[in-house]
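Participant: Before we start, here is the structure in question, set down as structure tokens.
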Amino acid sequence: MQIVACIKQVPDTTQVQIDPVTNTLVREGIPFIVNPYDTHALETALRLADDLHGRVTAISMGPLNAEATLRRALALGVDRAVLLSDRAFGGADTLATSNVLAAAIRRLNEEDEVGIVLCGKQTIDGDTAQVGPGIATRLGWSQLTLVDRIVNIDLEGRRIRVRRKLEGRHEIVEAPLPVTITVVREINRPRYPTVPMRLLSRERQIEVWDNRVLKIDVRTIGLKGSPTWVSRIFSPQRDMGELIGDGATDPAGAAKLLVEKLLSKDLISL
Amino acid sequence: MNQQLAFALLTLLAAAAFCVLTWRRLSLVRFGKPENRLDHFGRRAWDMLLYAFGQKRVLARPFGVNHFVIFWSFLILLIANSEFIVSGLLPDISLRLLPDYLRGPLLLMFDVVSLLALIAIVLAVVRRLLFKLDTKYVKRRSVEAFLILAFIGLLMVAYFGIHGSEIARGQEPLKGWMPISSLVAQFSGDGAYESWFWWLHAVVLCSFLVFLPISKHMHIMTAIPNSFFARLEKPNTQPREEFAAGNTYGAGKVSDFTWKDLLDSFSCTECGRCQEACPATATNKALNPRQVIHSVKMNLMANAAALESGQEPQVPLIGPEGEATNSIEAIWACTTCGACMESCPVLIEHMPKIIKMRRNLVEMKSEFPDELLNLFENMEQRSNPWGIAPTERTKWHTTMEVKDYVAGETEYLFYIGCAGTFDARQKAVTVAIATVLNIAGVSWGVLGKEEKCCGDSARRLGNEFLFDQMARENVELFTARKVTKVIAACPHCLNTLKNDYRQYGLELEVVHHSELLARLLTEGKIKPTRQVTALGQVLYHDSCYLGRHNGIYDEPRRAIAAVTGAKPVEAARNRENAFCCGAGGGRMWMEEGVGERINVARVGEAIEALGTDPSTVCVACPYCLTMFEDGLKDRDVATIRVMDVAEVVAESLRPVL
Ligand SMILES: Cc1cc2nc3c(=O)[nH]c(=O)nc-3n(C[C@H](O)[C@H](O)[C@H](O)COP(=O)(O)OP(=O)(O)OC[C@H]3O[C@@H](n4cnc5c(N)ncnc54)[C@H](O)[C@@H]3O)c2cc1C
Ligand code: SF4
Ligand code: SF4
């Protein structure tokens, strides 16, 4: 079985600022990293492949320099890496992005059956959490989102059971294969590449697929295929904080008030 | 004639056994990787004289003189024992062939030395009975120690027995040279027991010979060459690795060590000094440096058959805890403080072996404590341990005017370091240093947003691949900016810039701020406006990477004395013997869940020295600063505060109101 991990190269957003005039992200000189959630998706894929004796293919849509992301995936042990890169893919919103990713997965599926697609829950730059479900929809597969544990896979019955992490509770759900899964960080601790694997990954081939390979209708990809557009990006004004109780004269009372408030907002639990 | 034949047979057997047993063990050293330890012949020979023959480290401890006596008695009595064997085989050949004016003094020497040795042996037995140095695996072997002491003691007794009898029988014309033997003679009757003593001597000597190579007393043969081959530099840097396809990294099996690592393991005297000095052992961690060395020896012997037949070692070097293995926990518990190496009388190198095993875990197996994943990623992606955006490196510049380093215009690059840049408390130290430098008129500048993490933690944690990347980037940056003179506020940065980057061809003149401040005070460029009295007694804590690893002990103390008017108070363990704060070797970034915390233990020593009056611990390292502040909080002590040397000096420059 082939397992596909979708990984995205993102700017290190802790370092990104918004240009107030142009409303765009100031990306100059900002290093790129693998979207942190995707490192967990990749780890899930690698562990599943170990258990199921499957193969992992990592795919990423992005400019040619997104190759670094895929090289990292190779160092971590994926069997194949494909970069989806074409000027025609540029300026994509989540719909157009999932069209390209879904097309690539379909193509991979023709060569070797794809049983599971893994995505991060969301990215740290776009933050929409739409691409995973988007891919599932385009492919007509089930989607299991916010997964924090793979409970069990029944290859013969072709079913998968996972645990979803929701606010304040967990949910165990089951779906037929093939499936698209989006994972949260709690699912695992990603591995760290060994030096021999890193060195090996430098030698390995990363395939680049452009639209001559994927042959997607250009009206459904890139800027043309993106019905959403950004009208304005801005940093919201932060609401004034709230002083809770009188810490100076009644610290115990203030602490009690604070705990109650946090509890009621579900920010902490007992 | 019969006696001669029997003795010949006995010595032949013993000699054969000695040779076979010694060869069996020592020849295993050939399975180590090559390493050049033949350079600087003169310095090596000198070290050997000083440490092996001069017993410098041995003598550094109160009881060391006892060993000194035994060691030199042993060497001197080698002559007497050789004579014993030769004349036992060929009765015509003995020292009696020498003229009396030579033999007389020799006999006197043998007599005196034998007595001294006998006394030393008795003292050693008493000491062994009183003080236990047992660890989990070396209890059994303290029996060995008693056995060897008994052997030596019996040899001395037999010596006096033989010569006492000879004198009693009137067969020793030079008895005037033998005061002690003469005394023994008075109790020897007609000397009829001479042959008993002679055989006792023969049997004990031969047993000793056979026992030597299979016990820890192997060190009698290995300690001297081990001192010759010892590393000449302080253990402040690790060798580079070559990253190429097909290479393996670090030590995952015993044959990954170098021959010198293996020789080390045969040189251990099991004196236990390293274990006493080790902060990890002292606080009940899985690590015991003595056991690390012992494990290498046991592992090598356990795998001897496999190695000899060209197979891979079977008994794991790293694995579940055992006599021949090192547990993962032990390997990660080391703070790389170097106290073990500083104390070892036979110059064994513990810490480099631990780092070699870390390298193997990190680089070959990606096996390390969970906390380190973030650290490595942060260092790789954002070039600082916390993962704070590099763009924030200049945030502290809002507190004062900070200029960029410009080659030719600026004298010193002030390398702030990640802690000085991002850690709230250490930022105050950065500002204190900068302010004092300004007052003293020192020309300094910074790299600002371009400054990168030096990579120290990565290297000590065995992530040499990451360190190599970071070092290359920094060396390139320093070269491009034509940096030659650097002020470092952090001993770890200092050590890395000064000692590690040299391997990359970058020779920098790096000073620690405490050195520079001491110099500026001496030169009168810093003129204190007041004497610092408000801090109470000031205790100086040695940072391992400043002190043991770089030999800077006096300068910070001088700076403190210059502004407080008094020599700083010392903790019970100080300077070369100082006890680590617990943060070195990347331990700063790891949990410390087992046993007492090292910083809490060290704080205890400081409290003991300072008492309960308001006082100050003065540090010279950002890690020590954090560790002491945390440790004091842990112990709920509010009377002691922690300050950097620069802050103490800055106190003296405050305008008098
Ligand atoms: C209105 C709008 C306009 C935009 N305009 C532009 C633009 O002009 N130029 C531009 O560069 N970006 C633009 N973007 C950003 C871009 O569309 C999104 O980053 C992209 O569609 C992915 O969405 P996301 O980052 O929210 O991913 P999410 O849906 O949050 O990601 C979920 C998961 O999907 C997978 N995934 C997402 N993207 C990829 C990918 N590219 N390759 C592989 N796997 C992936 C990953 O596993 C990820 O964890 C725009 C976004 C929006 C919302
Ligand atoms: S370097 Fe320090 S912590 Fe490590 S083994 Fe030696 S004494 Fe112990
Ligand atoms: S390694 Fe050195 S200090 Fe430690 S027990 Fe052996 S000889 Fe003593």
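The values are calculated or read from the model by the stated rules, or taken from the named source; none is laboratory data. Keep in mind that what you see is a predicted model, and the values were worked out from it rather than measured. When we count neighbours, we look across all protein chains shown, and the Cβ atoms used for this are built from the backbone with ideal geometry, even at glycine. The area values use the complete protein model at the heavy-atom level, side chains included, leaving out ligands, DNA and RNA. Shrake-Rupley method; radii C 1.70, N 1.55, O 1.52, S 1.80 Å.
Participant: For the pairing of chain A with chain B, what total accessible surface becomes buried, with a 1.4 angstrom probe, in square angstrom to the nearest 100? Intermediate results must be reported in sequence, preceding the final value.
Facilitator: On the way: alone 15510 and 28180 Å², together 41980 Å².
Rounded to the nearest hundred, the buried surface is 1700 Å².
Participant: What are the residues of the stretch A:186-202 that lose 40 Å² or more of accessible area, with a 1.4 Å probe, going from their chain alone to all protein chains?
Facilitator: Listed in order, they are A:Arg189, A:Tyr192, A:Thr194, A:Val195, A:Pro196, A:Arg198, A:Leu199.
Participant: Just grab the label-to-label distance for B:Asp636 and B:Glu308, each label 7 Å out from Cα along the Cβ direction, in nm (one decimal).
Facilitator: 6.2 nm
Participant: PRE reach from B:Val656 (point 7 Å along Cα→Cβ): which of the stretch B:511-554 fall under 15 Å by backbone N?
Facilitator: Correct set: B:527-534.
Participant: Using a 1.4 angstrom probe on heavy atoms only, work out the carbon and sulfur share of the accessible area of chain B in %. Don't skip to the answer; put the middle values down first.
Facilitator: Values: 16480 of 27370 Å².
That share works out to 60 percent.
Participant: Taking amide hydrogens as modeled 1.01 Å from N in the peptide plane, which residues meet the under 5 Å criterion relative to A:Ala81, leaving out close sequence neighbours?
Facilitator: A:Ala58, A:Glu207
Participant: Accessible area per residue, 1.4 Å probe, Å², for the protein assembly as shown: what's the number?
Facilitator: Numbers: 41980 Å² over 927 residues.
Heavy-atom accessible area per residue stands at 45 Å².
Participant: In addition: Please go through the stretch A:146-235 and write out the chymotrypsin sites (Phe, Trp or Tyr not before Pro) that DSSP classes as loop and that have at most 15 other C-beta atoms within 10 Å.
Facilitator: The qualifying sites are A:Trp229, A:Phe234.
Participant: To continue, here is another question. Calculate what fraction, in whole %, of the accessible area of the stretch A:2-220 sits on carbon and sulfur atoms when a 1.4 Å probe is rolled over the protein chains. All intermediate terms of the calculation are to be shown ahead of the outcome.
Facilitator: On the way: 4770 of 9950 Å².
Here carbon and sulfur together make up 48 percent of the probe-accessible area.
Participant: Then there is this: Note down the relative contact order for chain B as a percent, whole number, built from C-alpha pairs under 8 angstrom at least six residues apart.
Facilitator: Details: 1030 pairs, mean separation 79.3, N = 657.
Relative CO of chain B lands at 12 percent.
Participant: Once a ≥ b ≥ c are taken as the square roots of the eigenvalues of the Cα gyration tensor of the protein assembly as shown, is the result rounded (a/c under 1.5), prolate (a/b larger than b/c) or oblate (a/b not larger than b/c)?
Facilitator: prolate
Participant: Work out the FRET efficiency for A:Leu155 and A:Glu207 from their Cβ-Cβ distance, taking R0 = 35 Å, and round it to the nearest 0.05. Intermediate results must be reported in sequence, preceding the final value.
Facilitator: Numbers: r = 28 Å, r/R0 = 0.79.
Using R0 = 35 Å, I get an efficiency of 0.80.
Participant: While we're looking at this one, here's another question. When the solvent-accessible surface of protein heavy atoms is calculated with a 1.4 angstrom probe, in what order do A:Glu43, A:Glu242 fall, highest first?
Facilitator: Numbers: A:Glu43 10, A:Glu242 125 Å².
Result of the area sort, largest leading: A:Glu242, A:Glu43.
Participant: Around B:Leu95, with a cut-off of 14 angstrom between Cβ atoms, what is the net charge of the other residues, counting Lys and Arg +1 and Asp and Glu -1? Show your work: numbers first, answer last.
Facilitator: Details: positive: B:Arg96, B:Arg103; negative: B:Glu83, B:Asp92, B:Asp100, B:Asp111, B:Glu166, B:Glu172.
Local charge sum for B:Leu95: -4.
Participant: Would you be so kind as to list the residues of the stretch B:343-384 that have their accessible area lowered by at least 20 Å² in the full protein complex compared with their chain by itself (1.4 Å probe)?
Facilitator: Listed in order, they are B:Glu363, B:Met364, B:Ser366, B:Phe368, B:Asp370, B:Leu373, B:Glu377, B:Glu380, B:Gln381, B:Arg382.
Participant: Further question on the same structure: Within the stretch B:423-514, which trypsin sites (Lys or Arg not before Pro) sit in a loop by DSSP and count at most 12 neighbouring Cβ atoms inside 10 Å?
Facilitator: Working: sites: B:Arg425, B:Lys427, B:Lys449, B:Lys452, B:Arg459, B:Arg460, B:Arg472, B:Arg481, B:Lys482, B:Lys485, B:Lys498, B:Arg502; in loops: B:Lys452, B:Arg481, B:Lys482.
Answer by residue number: B:Lys482.
Participant: Can you work out the Karplus-derived ³J(HN,Hα) for every residue in the stretch A:167-183? Use 6.51 cos²θ - 1.76 cosθ + 1.60 with θ = phi - 60°, whole Hz, and x for glycine or proline.
Facilitator: Computed from phi, the couplings for the stretch A:167-183 are 5, x, 7, 10, 9, 9, 10, 10, 8, x, 7, x, 9, 10, 10, 10, 10 Hz.
Participant: Continuing with the same structure: Rounded if a/c is under 1.5, else prolate if a/b beats b/c, else oblate: with a ≥ b ≥ c from the C-alpha gyration tensor eigenvalues square-rooted, which is the stretch B:454-594?
Facilitator: Details: a/c = 2.81, a/b = 1.40, b/c = 2.01.
The shape class here is oblate.
Participant: Further, regarding this structure: Which whole-number percent is the relative contact order of the stretch A:2-220 (Cα, under 8 Å, 6+ apart)? Let's see the in-between values first.
Facilitator: Details: 457 pairs, mean separation 54.6, N = 219.
Rounded, it is 25 percent for the stretch A:2-220.
Participant: As an exercise, identify the GluC sites (Glu not before Pro) in the stretch B:495-540 lying in DSSP coil whose Cβ has no more than 13 other Cβ atoms within 10 Å.
Facilitator: Details: sites: B:Glu507, B:Glu509, B:Glu515, B:Glu523; in loops: B:Glu507, B:Glu523.
Passing both the DSSP loop test and the Cβ count: B:Glu507, B:Glu523.
Participant: To continue, here is another question. Add +1 for every Lys or Arg and -1 for every Asp or Glu among the other residues with Cβ under 12 Å from the Cβ of B:Leu653, and state the total.
Facilitator: On the way: positive: B:Lys525, B:Lys527, B:Arg530, B:Arg654; negative: B:Glu647, B:Glu651.
Here the count lands on +2.
Participant: Once you have a ≥ b ≥ c as the square roots of the Cα gyration tensor eigenvalues for the stretch B:374-652, tell me rounded if a/c is under 1.5, and otherwise prolate or oblate according to whether a/b is larger than b/c.
Facilitator: Details: a/c = 1.76, a/b = 1.20, b/c = 1.47.
Oblate shape, in that a/c is at least 1.5 and b/c is the bigger or equal ratio.
Participant: If R₀ is 45 angstrom, what is the calculated FRET efficiency for the pair B:Glu476 and A:Arg47, using the beta carbon separation as r and rounding to 0.05? Each step should come with its number before you reach the end.
Facilitator: On the way: r = 38 Å, r/R0 = 0.84.
With R0 = 45 Å, the Cβ-Cβ based efficiency is 0.75.
Participant: Sort B:Leu123, A:Leu223 by heavy-atom solvent-accessible area, probe 1.4 angstrom, most to least.
Facilitator: Working: B:Leu123 85, A:Leu223 130 Å².
Per-residue accessible area, sorted high to low, gives A:Leu223, B:Leu123.
Participant: Given a 10 angstrom Cα cut-off, can you work out which residue in A:Leu166, A:Leu101, A:Leu139 is the most mobile in a GNM of chain A?
Facilitator: Of the options given, A:Leu166 has the highest mean-square fluctuation.
Participant: Is there a pair in B:Lys234/B:Lys525; B:Lys449/B:Lys498; B:Lys285/B:Lys498; B:Lys33/B:Lys485 whose C-alpha atoms are over 27 Å apart, and which pairs would that be? Mind dumping the intermediate values first?
Facilitator: Numbers: B:Lys234/B:Lys525 32 Å; B:Lys449/B:Lys498 22 Å; B:Lys285/B:Lys498 31 Å; B:Lys33/B:Lys485 37 Å.
Pairs exceeding 27 Å: B:Lys234/B:Lys525; B:Lys285/B:Lys498; B:Lys33/B:Lys485.
Participant: Taking all protein chains together and a probe of 1.4 Å, list B:Glu409, B:Glu450 from the most accessible to the least accessible.
Facilitator: Numbers: B:Glu409 145, B:Glu450 90 Å².
From most accessible down to least: B:Glu409, B:Glu450.
Participant: Could you sort B:171-184, B:569-582 so that the peptide with the highest average Cβ count within 10 Å comes first and the rest follow in order? Walk me through the intermediate numbers first.
Facilitator: Numbers: B:171-184: 17.3, B:569-582: 21.1.
In descending order of packing, they fall as B:569-582, B:171-184.
Participant: Can you figure out the FRET efficiency of B:Ser195 with B:Ile119, using R₀ = 35 Å and their beta-carbon distance, to the nearest 0.05? Intermediate values should be presented prior to the final figure.
Facilitator: Values: r = 27 Å, r/R0 = 0.77.
With R0 = 35 Å, the Cβ-Cβ based efficiency is 0.85.
Participant: Per-residue HN-Hα couplings for the stretch B:68-73, Karplus 6.51 cos²θ - 1.76 cosθ + 1.60 at θ = phi - 60°, whole Hz, x for Gly and Pro?
Facilitator: Karplus values, whole Hz, x for Gly and Pro: 4, 4, 5, 4, 6, 4.
Participant: Let me ask something additional. Once you put a point 7 Å from the Cα of B:Thr399 and another 7 Å from the Cα of A:Ser264, both along the Cβ direction, what distance in nm separates them?
Facilitator: Modelled inter-label distance: 4.0 nm.
Participant: I've got another one for you. Tally Lys/Arg at +1 and Asp/Glu at -1 over every other residue whose Cβ is under 15 Å from the Cβ of A:Thr137; what's the total?
Facilitator: On the way: positive: A:Arg106, A:Arg138; negative: A:Asp93.
Here the count lands on +1.
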